[in-house]
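A.B. asks: I am attaching a structure below and will ask some questions about it afterwards.
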Amino acid sequence: MGSATVVASVQGKQPLFSFGVISDVQYADIPDGRSFIGVPRYYRHSLLVLQRAVQNWNNHQKLKFAINFGDIVDGFCPKDQSLNVVKKIVNEFDKFNGPVYHMIGNHCLYNLPRDKLLPLLKIPSTDRHAYYDFSPTPEYRFVVLDGYDISAIGWPQDHPHTLEALKFLREKNPNTEKNSPAGLLGLERRFLMFNGAVGKEQMEWLDSILQGATKLKQKVVVCCHLPLDPDATSQEALLWNYNEVMDVIHRYNCVKVCLAGHDHKGGHSIDAHGIHHRVFEAALECPPGTDAFGYIDVYDNKLSLVGSDRMQSTDMYFSP
Ligand SMILES: [Zn+2]
């Protein structure tokens, strides 16, 4: 590092490192449609958004890695095309000149079971779980949570995690259609089949990672397809046990920012412990010619999201 760089870095002008972000590409080779509440979805155009994202990240030249926040393929993708579509989208991500970290979303799991999906996404996994961590620099650690650990989708039908999820949904959601929040009030509206929970083992793993990061004086960024704070998202998009996950996170001071996808309109909040929650705007909902992707400059005391078009730029300050 030259002396000019050192001075710039001390003054906070030069990021420690930067990384690309995109969420909910939800590509499918089908005509445009709408969500169940009528929001337009541009299934084919989302591929162009991803291509422009990768081009933008490559032009930037200083991005250390990129993160895909899940749902790369839509549930309406014809099932005989699922495998090829996932390969096609992963191939687009691979045009980025650096590592890409993926996470799984509900739409990925509608298309392919975990044992097919995780190797394609190169997700380091034990026992078909999709949570992992990495440390791009000594100062920072990224934790990627598996929000569909306890879930009625993606595991074999007789898997203990499927059975646990179905039992949970029967208790919490009286509707026959378990994706309907009809009659559920307030925060109960998250008890829907398209969401999931972090299981006991993953919770213990998270605790040990945060303990380790604290010892190493690392700042932690938590990534999960499902949002973790009610003020950053619709209640219908929250992780089932977001409160238990946040209880673990709040035991430590190392987590500074939580990033998520899934709630397509996007959102931002700061919780009572000063942790930022940023939910990314979906690539799927960009009308032709518009974009939703970005990159994040990482500093000692803030993460600065530089968004394109529909992705709002956000400065997320925290105590170092
Ligand atoms: Zn989703």
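The values are calculated or read from the model by the stated rules, or taken from the named source; none is laboratory data. Note that the structure is a prediction, hence the values are computed from the model and not measured. Note that each Cβ is placed from the backbone with ideal geometry, even for glycine, and that neighbours are counted across all protein chains shown.
A.B. asks: When segment 93-107 is examined, which residues are found to be out of contact with any His (no Cβ under 8 Å at 6 or more places or on another chain), touching a residue at least 40 places away in the same chain (Cβ under 8 Å) and under 27 Å from A237 (Cα atoms)?
C.D. replies: Y101, H107
A.B. asks: Right, next: For segment 284-306, enumerate the residues that are surrounded by fewer than 20 Cβ atoms within 10 Å (Cβ to Cβ) and within 18 Å of the chain's Cα centre (by Cα).
C.D. replies: D297, S304, V306
A.B. asks: Among (1) more than 26 Å from S304 (Cβ to Cβ); (2) touching an Asp or Glu at 6+ places or on another chain (Cβ under 7 Å), where does Q51 come up short?
C.D. replies: (1)
A.B. asks: Continuing with the same structure: Name, by its number, the condition in (1) buried (at least 18 other Cβ atoms within 10 Å of the Cβ); (2) in contact with a strand residue (DSSP E or B) (Cβ under 8 Å, 6 or more places away or on another chain) that does not hold for Y42.
C.D. replies: Answer for Y42: the failing condition is (2).
A.B. asks: Among the listed residues V49, V90, identify the single one that is crowded, with 19+ Cβ neighbours inside 10 Å and part of a helix (DSSP H, G or I). Before the answer, list the steps.
C.D. replies: Working: V90 fails: crowded, with 19+ Cβ neighbours inside 10 Å.
Result of the check over V49, V90: V49.
A.B. asks: Can you tell me how many residues within segment 266-283 are of a type outside the set (S, T, Y), assigned to a strand (DSSP E or B) and either modelled with pLDDT under 95 or surrounded by fewer than 22 Cβ atoms within 10 Å (Cβ to Cβ) (or both)? Before you say what the answer is, go through the steps one by one.
C.D. replies: To start, the set of residues in segment 266-283 that are of a type outside the set (S, T, Y) comprises 266-268, 270-283.
Now restrict to residues that are assigned to a strand (DSSP E or B): 267-268, 270, 276-279.
If we keep only those that are either modelled with pLDDT under 95 or surrounded by fewer than 22 Cβ atoms within 10 Å (Cβ to Cβ) (or both) too, we end up with 267-268, 270.
The number of residues fulfilling the criteria is 3.
A.B. asks: Quick check on E164: is it among the acidic types (D, E) and away from the ligand (no atom under 16 Å from the Cβ)?
C.D. replies: Numbers: among the acidic types (D, E): yes; away from the ligand (no atom under 16 Å from the Cβ): yes.
Judged against the criteria, E164 is a match.
A.B. asks: Continuing with this model, one more query. Of the residues Y317, Y252, Y299, which single one is under 20 Å from T137 (Cβ atoms) and in contact with a helix residue (DSSP H, G or I) (Cβ under 6 Å, 6 or more places away or on another chain)?
C.D. replies: Numbers: Y317 fails: in contact with a helix residue (DSSP H, G or I) (Cβ under 6 Å, 6 or more places away or on another chain); Y299 fails: in contact with a helix residue (DSSP H, G or I) (Cβ under 6 Å, 6 or more places away or on another chain).
The unique qualifying residue is Y252.
Each row is one residue, and each column tells you yes or no for (1) among the basic types (K, R); (2) away from the ligand (no atom under 15 Å from the Cβ); (3) in a helix (DSSP H, G or I).
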residue: D71; (1), (2), (3): no, no, no
residue: F76; (1), (2), (3): no, no, no
residue: L118; (1), (2), (3): no, yes, yes
residue: P124; (1), (2), (3): no, yes, no
residue: D127; (1), (2), (3): no, yes, no
residue: S135; (1), (2), (3): no, yes, no
residue: R141; (1), (2), (3): yes, yes, no
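A.B. asks: Considering only segment 100-116, state which residues are in contact with a helix residue (DSSP H, G or I) (Cβ under 7 Å, 6 or more places away or on another chain) and within 9 Å of the ligand (Cβ to nearest atom).
C.D. replies: Answer for segment 100-116, where residues must be in contact with a helix residue (DSSP H, G or I) (Cβ under 7 Å, 6 or more places away or on another chain) and within 9 Å of the ligand (Cβ to nearest atom): just C108.
A.B. asks: Applying the selection to segment 102-116, what residues are assigned to a loop (DSSP other than H, G, I, E, B) and either in contact with a strand residue (DSSP E or B) (Cβ under 6 Å, 6 or more places away or on another chain) or surrounded by fewer than 17 Cβ atoms within 10 Å (Cβ to Cβ) (or both)? Break it down into steps so the answer makes sense when it comes.
C.D. replies: Filtering segment 102-116 for residues assigned to a loop (DSSP other than H, G, I, E, B) gives 103-105, 112-113.
Hits for segment 102-116 are M103, P113.
A.B. asks: Residue by residue through segment 49-69, note down the ones that are within 16 Å of the ligand (Cβ to nearest atom) and β-branched (V, I, T).
C.D. replies: Residue satisfying the conditions is I67 alone.
A.B. asks: Let me ask you something else. Is segment 246-254 home to any residue that is assigned to a loop (DSSP other than H, G, I, E, B), among the hydroxyl-bearing types (S, T, Y) and surrounded by fewer than 18 Cβ atoms within 10 Å (Cβ to Cβ)? Before you say what the answer is, go through the steps one by one.
C.D. replies: Filtering segment 246-254 down to residues assigned to a loop (DSSP other than H, G, I, E, B) leaves 251-254.
In the following step, the residues that additionally are among the hydroxyl-bearing types (S, T, Y) were identified as 252.
Of the ones still in play, those that are also surrounded by fewer than 18 Cβ atoms within 10 Å (Cβ to Cβ) are 252.
Yes - at least one qualifying residue is present in segment 246-254.
A.B. asks: List pairs: first in segment 167-196 and in contact (Cβ under 8 Å) with a residue 60 or more places away in the chain and within 16 Å of the ligand (Cβ to nearest atom), second in a helix (DSSP H, G or I) and among the polar types (S, T, N, Q), Cβ under 6 Å, 6+ apart or cross-chain?
C.D. replies: F194/N106
A.B. asks: Let me ask something else about it. Out of segment 222-240, which residues are under 16 Å from the mean Cα position of the chain (by Cα) and either away from the ligand (no atom under 16 Å from the Cβ) or part of a loop (DSSP other than H, G, I, E, B) (or both)?
C.D. replies: Answer for segment 222-240, where residues must be under 16 Å from the mean Cα position of the chain (by Cα) and either away from the ligand (no atom under 16 Å from the Cβ) or part of a loop (DSSP other than H, G, I, E, B) (or both): V222, H225, L226, P227, L228, D229, P230, T233, S234, L238, L239, W240.
A.B. asks: Identify all residues within segment 57-87 that are farther than 24 Å from F194 by Cα and crowded, with 19+ Cβ neighbours inside 10 Å; write none if there are none. First the steps, then the outcome.
C.D. replies: Of all residues in segment 57-87, those farther than 24 Å from F194 by Cα come to 57-66.
Matches in segment 57-87: W57, L63, A66.
A.B. asks: In segment 182-221, what count of residues is obtained for those that are of a type outside the set (A, V, I, L, M, F, W, C) and either modelled with pLDDT under 95 or part of a strand (DSSP E or B) (or both)? Can you show your working first?
C.D. replies: Just the residues of segment 182-221 that are of a type outside the set (A, V, I, L, M, F, W, C), to begin with: 183, 186, 188-190, 195-196, 199-202, 204, 207-208, 211-212, 214-215, 217-219.
Narrowing further to those that are either modelled with pLDDT under 95 or part of a strand (DSSP E or B) (or both): 219.
Of the residues in that region, 1 qualify.
A.B. asks: Residues being among the aliphatic types (A, V, I, L, M), over 25 Å from L185 (Cα atoms) and touching a residue at least 60 places away in the same chain (Cβ under 8 Å): count how many of those fall in segment 256-282. Spell out how you get there, then give the answer.
C.D. replies: Within segment 256-282, the subset among the aliphatic types (A, V, I, L, M) is 257, 259-260, 270, 272, 275, 279, 282.
From what is left, the residues that are over 25 Å from L185 (Cα atoms) are 257, 259, 275, 282.
Next, from what is left, pick out any that are touching a residue at least 60 places away in the same chain (Cβ under 8 Å): 257, 259, 282.
The number of residues fulfilling the criteria is 3.
A.B. asks: To continue, here is another question. Looking for whichever is among the hydroxyl-bearing types (S, T, Y) and over 30 Å from P40 (Cβ atoms) here; the options are S151, S82, S125. Which one fits?
C.D. replies: Result of the check over S151, S82, S125: S125.
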